[in-house]
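Below is one structure, written out as structure tokens; the observations come after it.
The values are calculated or read from the model by the stated rules, or taken from the named source; none is laboratory data. Keep in mind the model is a prediction, meaning the values are calculated, not measured. Note that each Cβ is placed from the backbone with ideal geometry, even for glycine, and that neighbours are counted across all protein chains shown. Protein only, heavy atoms only, side chains kept; ligands, DNA and RNA dropped before computing areas. Shrake-Rupley method; radii C 1.70, N 1.55, O 1.52, S 1.80 Å.
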Amino acid sequence: MKNYDCILVGSGINGIAAAIYLQQKGLKTCIYEGSNAPGGSTKTQPLTLPGFQHDTGSAIHPMAFASPFLKTLPLKDHGLEWIFPKIPYAHPFLDGSAVAAYTDVKITASELGADEEAYLNVFEKITSKWESVDSDLLGPLTIPENPLDFIRFGLKAIQSAEQLSDHYFQNEKTKAFFFGAAAHSTLPLDAWASSSFGLVLSIMAHKYNWPFPKGGAGNLIKALVSYYKSLGGTLILNHKVTDVESLPKADAYLFDCTPKQLLAIKNTNLSQTYRKRLSNFKYGPGVFKIDWALDKSIPFTNEKCRMAGTVHIGYSTSAIKNSEALIYEGTISETPYILIAQHTLFDDSRAPEGKHTAWAYCHVPNGNITDMTTIIENQIEKVAPGFKQLILARSTKNTQELEAFNPNIIGGDINGGKQDITQLFTRPIVKISPYSTSNKSMYLCSSSTPPGGGVHGMCGYHAAHKAFKDHFKK
Ligand SMILES: Cc1cc2nc3c(=O)[nH]c(=O)nc-3n(C[C@H](O)[C@H](O)[C@H](O)COP(=O)(O)OP(=O)(O)OC[C@H]3O[C@@H](n4cnc5c(N)ncnc54)[C@H](O)[C@@H]3O)c2cc1C
């Protein structure tokens, strides 16, 4: 006798998205979460001083705002409010100048001098047509609904960030600006498909801005959980699943964890062949994370950076390329590429009056535990003199501490596995449905499945769709 139709293991964005999809279909579901709070890497916590709220994991959420599944949900009715920064992201240079990505692609291009036409050529059409390809791109490999638009995007996306920027752009600053977005991939900038991340994230900025939930990323999860419960779903916290036999009976089990963790769970009855293939799954580099409580906002020399929700630090193409290549050679960079988020410039609910927070991380080799604090702060100080004097308190997490915070962050890998050309669409293994396992009632639904890392819930949505089709569709 079954207790639930479906059981979800893990309440990251993908576990919750999958559970909501199944609950919406009229099924009875239950989520088991190992931690004392839902959300996986999407959590807001008081990490430094009283009154300061920090996003321990994900911070900037264009992918959640634009997610073909999440945007269909009534999250506003469950308390979610989006904050839109004046400028989605900016890229400062050591000479005091900066390039900014505005929501308007034409204004962005107009500041790029000789690259104005080229920038429009790359982004204008693709941005306006995004909704004709987003569902195909944010899922498993399939026959696209709009093949021409898909191919137009795919021919650019397959290239390395270096190839694409050398092909289209003349100016070093335009190229470095594109590298700043592409380096979110955690791939070397000369790796196949590294441009895809730069393309998608730039399109997001021009189409939707790079918004974030008011009060913290955790409020996205709060709204999702509230909606899930309003549909009748059950969430059980503090219950790490180590053995499927310990769970109530269900027709389908969906795991919001990475292959390494799935392999460690007892009684999954996975075939030896599947287990062997899963054990070859590759993890990517890790990150070193810092959150600051600040006396004032970061004093960037360039005004555009003082108006941007996100700032990419890395300066030149050669510096960013070198920093990301070193990570792949197993070494840390002394002048790393850094992502910074400045929520309190636009949302004063996260810090005491007049005070600010800042969030940042840089890439490090998987499992590396070097303390990158001084290196990161010195790197920022170059374009924001006086920054270090404003630090009231800081909280840091190396790769081991991140994995202790969330067991899915294997060796500090925040994307549920390496996102290179071999694992981008076919993660965790090459299979007609990457969500299915060798056991007909078990599914993977985490960011280790397509479309991979990021807070969008599309891995969960596709896995749930597959489980529903297999077990419940009449
Ligand atoms: C520092 C950092 C910065 C990031 N920045 C951004 C950003 O700005 N924007 C963005 O879009 N993305 C960002 N990401 C990536 C994003 O957070 C992840 O891609 C996303 O959270 C993946 O969601 P998920 O549901 O697959 O897994 P997770 O969020 O990892 O959640 C998995 C959940 O499953 C639980 N679990 C696992 N195994 C078990 C088990 N056996 N039993 C019970 N529970 C289990 C875990 O406890 C966890 O709660 C960032 C991540 C980190 C860590």
Item to check | Out of Asn398, Asn439, Asn378, sole residue that is buried (at least 16 other Cβ atoms within 10 Å of the Cβ) and modelled with pLDDT of 95 or more | outcome: Asn398
Next on the checklist: Would you confirm whether or not the stretch 45-58 contains a residue that is farther than 28 Å from Lys289 by Cβ and of a type in the set (Gly, Ala, Ser)?
Outcome noted: no
Item to check | the stretch 255-264, residues that are within 11 Å of the ligand (Cβ to nearest atom) and either within 12 Å of Ile7 (Cβ to Cβ) or touching a residue at least 40 places away in the same chain (Cβ under 8 Å) (or both) | outcome: Phe255, Asp256, Cys257, Thr258, Lys260, Gln261, Leu262
Next on the checklist: Regarding the stretch 447-465, can at least one residue be identified that is assigned by TED's automatic domain parsing to the domain that holds Lys25, more than 12 Å from the ligand (Cβ to nearest atom) and surrounded by fewer than 24 Cβ atoms within 10 Å (Cβ to Cβ)?
Outcome noted: yes
Checklist entry - Identify, please: which residue in the stretch 1-32 is aliphatic (A, V, I, L, M) and away from the ligand (no atom under 12 Å from the Cβ) and is, among those, surrounded by the fewest Cβ atoms within 10 Å (Cβ to Cβ)? => result Met1
Checklist entry - Quick one: is Asn219 touching a residue at least 60 places away in the same chain (Cβ under 8 Å) and either not assigned by TED's automatic domain parsing to the domain that holds Cys445 or not in a loop (DSSP other than H, G, I, E, B) (or both)? => result yes
Checklist entry - Limited to the stretch 334-350, what total is found for residues that are assigned to a loop (DSSP other than H, G, I, E, B) and surrounded by fewer than 22 Cβ atoms within 10 Å (Cβ to Cβ)? => result 4
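Here's the yes/no breakdown for (1) at pLDDT 95 or above; (2) farther than 30 Å from Thr72 by Cα; (3) not small (Gly, Ala, Ser):
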| position | (1), (2), (3) |
| --- | --- |
| Asn219 | yes, no, yes |
| Asp256 | yes, no, yes |
| Ala264 | yes, yes, no |
| Lys276 | yes, yes, yes |
Next on the checklist: List pairs: first residue in the stretch 138-166 and in the same structural domain as Ser446 (by TED's automatic domain parsing), second residue modelled with pLDDT under 85 and part of a helix (DSSP H, G or I) anywhere in the structure, Cβ distance under 9 angstrom, at least six positions apart or on different chains.
Outcome noted: none
Item to check | Those residues of the stretch 275-295 which are open to solvent by less than 10 Å² (accessible area, probe 1.4 Å) and more than 16 Å from the ligand (Cβ to nearest atom), in sequence order | outcome: Ala293, Leu294
Item to check | Residue satisfying all of: in the stretch 265-274; touching a residue at least 40 places away in the same chain (Cβ under 8 Å) and not aliphatic (A, V, I, L, M); most open to solvent (accessible area, probe 1.4 Å) among these | outcome: Asn269
Item to check | Search result, residues across the stretch 250-307 that are small (Gly, Ala, Ser), part of a strand (DSSP E or B) and in contact with a Phe, Trp or Tyr (Cβ under 6 Å, 6 or more places away or on another chain) | outcome: Ala293
Checklist entry - Taking Lys229 and the conditions (1) part of a helix (DSSP H, G or I); (2) within 23 Å of Thr310 (Cα to Cα), which numbered condition does it fall short on, given that it satisfies the others? => result (2)
Checklist entry - Can you find even one residue in the stretch 82-89 that is assigned to a loop (DSSP other than H, G, I, E, B), away from the ligand (no atom under 15 Å from the Cβ) and open to solvent by less than 20 Å² (accessible area, probe 1.4 Å)? => result no
Checklist entry - Does Asp190 count as open to solvent by 20 Å² or more (accessible area, probe 1.4 Å) and assigned by TED's automatic domain parsing to the domain that holds Met442? => result no
Checklist entry - Does the stretch 254-263 contain at least one residue that is open to solvent by less than 40 Å² (accessible area, probe 1.4 Å) and of a type in the set (D, E, K, R)? => result yes
Checklist outcome for this item: Of the residues in the stretch 235-253, those that are away from the ligand (no atom under 14 Å from the Cβ) and surrounded by 13 or more Cβ atoms within 10 Å (Cβ to Cβ) number 3
Checklist outcome for this item: Condition set near the ligand (Cβ under 9 Å from one of its atoms) and either charged (D, E, K, R) or over 20 Å from Gly330 (Cα atoms) (or both), scope the stretch 402-412, selection most open to solvent (accessible area, probe 1.4 Å): answer is Pro407
Checklist entry - Scanning for something buried (at least 22 other Cβ atoms within 10 Å of the Cβ), within 16 Å of the ligand (Cβ to nearest atom) and not hydrophobic (A, V, I, L, M, F, W, C), does the stretch 97-108 turn up at least one residue? => result no
Checklist outcome for this item: Looking across the stretch 62-72 at residues that are over 19 Å from Gly10 (Cβ atoms) and touching a residue at least 12 places away in the same chain (Cβ under 8 Å), the single one that is farthest from the chain's Cα centre (by Cα) is Pro68
Item to check | Spans of helices (runs of 4 or more DSSP H) in the stretch 356-474 with at least 1 residues under 21 Å from the mean Cα position of the chain (by Cα) and within 26 Å of Ser316 (Cα to Cα) | outcome: 373-381
Next on the checklist: Of the conditions (1) more than 12 Å from the ligand (Cβ to nearest atom); (2) not in a helix (DSSP H, G or I), Trp210 satisfies every one except a single condition; which number is it?
Outcome noted: (1)
